[in-house]
Amino acid sequence: MTDTSSHRLLIVDDDPHARILIRRPLRTQGYTIEEAENGQEALACAMRELPSVILSDWMMPIMDGLTLCQRVKAEAVLNPCYFILLTAKQDLEDKVFGLDNGVDDYIVKPADTTELEARVRAGIRIVDTMRKFANIGRTDQLTGLRNRRAFDEMLERERAVSDRSGQPFSLIMLDLNRFKRLNDTHGHQAGDDALNAIAAFLQHVRRLTDTVFRIGGDEFAIILPRATWTDCIQYACRLKETFVTTPPRCSFANNLASEIGLSLGVTTFDPTTPVSTTKLLRLADEDLYRDKRNPGNELTLSRAADSAAE
């Protein structure tokens, strides 16, 4: 059964009453629902909220539903997204025209509640399947985390979302200290066990909106959507503290923090003073190596503060 709480729907119609008729039955199914009254407003909302399904009226001021559909399909950051066109037009030619121009499904208004719910479920099944196939080749085989390819793609996506929404996002780069010594002392299987333990730890302490990656070797990263500089620093400090106070365990160590340490690099993308993803990574790396040169339980913030000031 589909987990409806994990899917966001966007309802677009210039008629508030029409939005209520669509929203009411879908909300009872547990979906998170956003609304917009024209295509232009909907596009901005979609870039910010990344809905799984968009249900849009065809005829609207400023930007109509068909134009909205074409704009959505052209934005890689928004896909996969299932687009359902809602309209009073019943001619076969209109339906074919809509489908030929990128619409995924078509419902004649007023929508029957049972049909509406079924078509949304069908759309979400398709989105889930597309996401599943998209994740092939984007998963680290050892830890089950997303890999470097997925990281690069999400970093570009978050930058695009931030540019459109005006909201920041943050990045944490992580590196394991003394990992080579651990491998030399306990063997490579122990090293794999440690990497899995770190992956599980990072998944456990992350915020629900964050994504953890293994980007290579003993290097990890966390992308924090909509996180300000202050949010990022507070989270990074808490992560380091938790690693020591409640350390992960693995097959050869009940206290993994006694075997290895964590170095962190942090940075925030501010859309008011945008930089390239290349520079964003460089700033995070500079912080990480400063932290690595000053090992300890507290995050080294001096270079990070300089990065934020830039």
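Tell me, what is the per residue accessible area of the chain in Å², probe radius 1.4 Å?
On the way: 15110 Å² over 310 residues.
That works out to 49 Å² per residue.
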**Request:** Give me the percent of the accessible area of region 33-126 that comes from carbon and sulfur atoms, probe 1.4 Å, all protein chains in place.
**Result:** 49
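Within the set Lys132/Lys292; Lys180/Lys240; Lys73/Lys240; Lys132/Lys180, which residue pairs have Cα atoms separated by over 31 Å?
Values: Lys132/Lys292 37 Å; Lys180/Lys240 20 Å; Lys73/Lys240 41 Å; Lys132/Lys180 34 Å.
From Lys132/Lys292; Lys180/Lys240; Lys73/Lys240; Lys132/Lys180, over 31 Å: Lys132/Lys292; Lys73/Lys240; Lys132/Lys180.
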**Fill in**
Inter-part gap, Cα centre of region 103-147 to Cα centre of region 49-65, in whole angstrom, is 18
**Item:** DSSP bridge orientation in the chain - percent antiparallel, rounded to nearest 5
**Value:** 55
**Message:** I'd like the Kirkwood hydrodynamic radius of region 97-163, using the inverse of the mean 1/r over distinct C-alpha pairs, in Å.
**Reply:** 15.0
**Asked** Binning every alpha carbon pair distance of the chain at 20 Å from zero, what are the percents per bin?
**Response** 30, 47, 22, 2
**Item:** Thr273 versus Gln70: modelled label distance in nm, points set 7 Å from Cα along the beta carbon direction
**Value:** 4.0
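For His186, His204, His17, His7, give me the order by solvent-accessible area with a 1.4 Å probe, most accessible first, ignoring ligands, DNA and RNA. Could you put the intermediate results ahead of the total?
Numbers: His186 80, His204 155, His17 115, His7 5 Å².
Most to least solvent-accessible, the answer reads His204, His17, His186, His7.
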**Prompt:** What residue among Ala46, Ala190, Ala199 shows peak mean-square fluctuation when the chain is described by a Gaussian network model with Cα springs under 10 Å?
**Reply:** Ala190
**Request:** Starting from the amide H of Asn177, placed 1.01 Å from N in the peptide plane, find each other amide H under 5 Å away whose residue is 5 or more places distant or on another chain.
**Result:** Gly261, Leu262, Ser263
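Across region 1-136, how large is the tail of the calculated P(r) beyond 18 Å, expressed as a percent of all Cα pairs?
For region 1-136, the fraction of Cα-Cα distances above 18 Å is 50 percent.
The values are calculated or read from the model by the stated rules, or taken from the named source; none is laboratory data. For clarity, every value in this text was computed on a predicted model and none was experimentally measured. A quick note on method: Cβ atoms are made from the backbone with ideal geometry, for glycine too, and the neighbour counts reach across all protein chains shown. In case anyone asks, the SASA skips ligands and DNA or RNA and just uses the protein heavy atoms, side chains included. Shrake-Rupley method; radii C 1.70, N 1.55, O 1.52, S 1.80 Å.
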